[in-house]
Amino acid sequence: GQNIDQPTEMTATEGAIVQINCTYQTSGFNGLFWYQQHAGEAPTFLSYNVLDGLEEKGRFSSFLSRSKGYSYLLLKELQMKDSASYLCAARLNTGGFKTIFGAGTRLFVKA
Amino acid sequence: DTGVSQDPRHKITKRGQNVTFRCDPISEHNRLYWYRQTLGQGPEFLTYFQNEAQLEKSRLLSDRFSAERPKGSFSTLEIQRTEQGDSAMYLCASSPGVAYEQFFGPGTRLTVL
């Protein structure tokens, strides 16, 4: 079966760094997405990793290890507006490259 | 605003009624996806289209659900004989191809009484 695990909730302080982990067990893995979703809004794209390693994009970085079935999203210099759910999603190369999502990690940033 | 629109934004219906939702993707995007999301969960894949062809449909989707994309542009999702368990946010997303991220619409929130 296809399975994506990530912590349900995390709390961090404004200005700090937080790492949100994601592990996946899928067949036909193609790549790993991270999306941000504020309450009541649609998900918005943050990053996509296909190859192993770290990709940095401003305050956000994403890491992938295909051999370990593991990814993380690193958020630096946290701001209050970063309080949101962060969705880990695996793109599969079965059929037509559909994407399956984890349940999301709700991040609370406190002052 | 990602450029993907959905209509209606909210729908309240009684159990047993049929409902239809519409999604207008970004015009040059040939791939269109439907997801269902309940509180505290990530989006659950329902189906997707490449142009007008429906390429895959979730096995979780009962026969009460049907989707179309007749001209490869907008898409409709119909739920027949709605049940209370169908209450959820229905999200549509589009992408310009396989190797690209999906752009999500604002969703249609369905409440079945």
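The values are calculated or read from the model by the stated rules, or taken from the named source; none is laboratory data. Nothing here was measured: the structure is a model prediction, and the numbers come from that model. Glycine also receives a Cβ, built like all others from the backbone with ideal geometry; neighbour counts cover every protein chain displayed.
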Could you check, for segment B:49-68, whether at least one of its residues is under 26 Å from A:Phe33 (Cα atoms), away from chain A (no Cβ under 11 Å), touching a residue at least 24 places away in the same chain (Cβ under 8 Å) and surrounded by 14 or more Cβ atoms within 10 Å (Cβ to Cβ)?
yes
Restricting attention to segment B:75-90, and to residues there that are in contact with a strand residue (DSSP E or B) (Cβ under 6 Å, 6 or more places away or on another chain) and either part of a loop (DSSP other than H, G, I, E, B) or touching a residue at least 60 places away in the same chain (Cβ under 8 Å) (or both), which single residue is surrounded by the fewest Cβ atoms within 10 Å (Cβ to Cβ)?
B:Gln84
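Please indicate, with yes or no, whether at least one residue in segment B:27-39 is farther than 29 Å from A:Asp5 by Cβ, within 11 Å of chain A (Cβ to nearest Cβ), surrounded by 17 or more Cβ atoms within 10 Å (Cβ to Cβ) and of a type in the set (S, T, N, Q). Step through it out loud before you land on a result.
Taking segment B:27-39 first, the residues farther than 29 Å from A:Asp5 by Cβ are B:27-30.
From what is left, the residues that are within 11 Å of chain A (Cβ to nearest Cβ) are none.
There is no residue in segment B:27-39 that is farther than 29 Å from A:Asp5 by Cβ, within 11 Å of chain A (Cβ to nearest Cβ), surrounded by 17 or more Cβ atoms within 10 Å (Cβ to Cβ) and of a type in the set (S, T, N, Q).
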State whether one or more residues within segment B:96-111 are among the basic types (Lys, Arg), modelled with pLDDT of 90 or more, within 21 Å of A:Arg91 (Cα to Cα) and outside any loop (DSSP other than H, G, I, E, B).
no
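Filter segment B:8-26 down to residues that are of a type in the set (S, T, N, Q) and in contact (Cβ under 8 Å) with a residue 60 or more places away in the chain and give me whichever is nearest to the other protein chains (Cβ to nearest Cβ).
B:Thr13
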Hey, any hits in segment A:10-33 for a residue that's assigned to a strand (DSSP E or B) and either acidic (Asp, Glu) or touching a His at 6+ places or on another chain (Cβ under 9 Å) (or both)?
no
Index of the failed condition, A:Ser65 passing every other in (1) at pLDDT 95 or above; (2) touching a Leu at 6+ places or on another chain (Cβ under 8 Å); (3) over 23 Å from B:Ala88 (Cβ atoms):
(2)
Quick check on this structure: which one of A:Tyr35, A:Tyr70 is under 13 Å from the mean Cα position of the chain (by Cα), closer than 21 Å to B:Gln102 by Cα and of a type in the set (Phe, Trp, Tyr)?
A:Tyr35
Filter result (outside any strand (DSSP E or B) and within 19 Å of B:Lys57 (Cβ to Cβ)) within segment B:1-37
B:Asn18, B:Pro25, B:Asn30
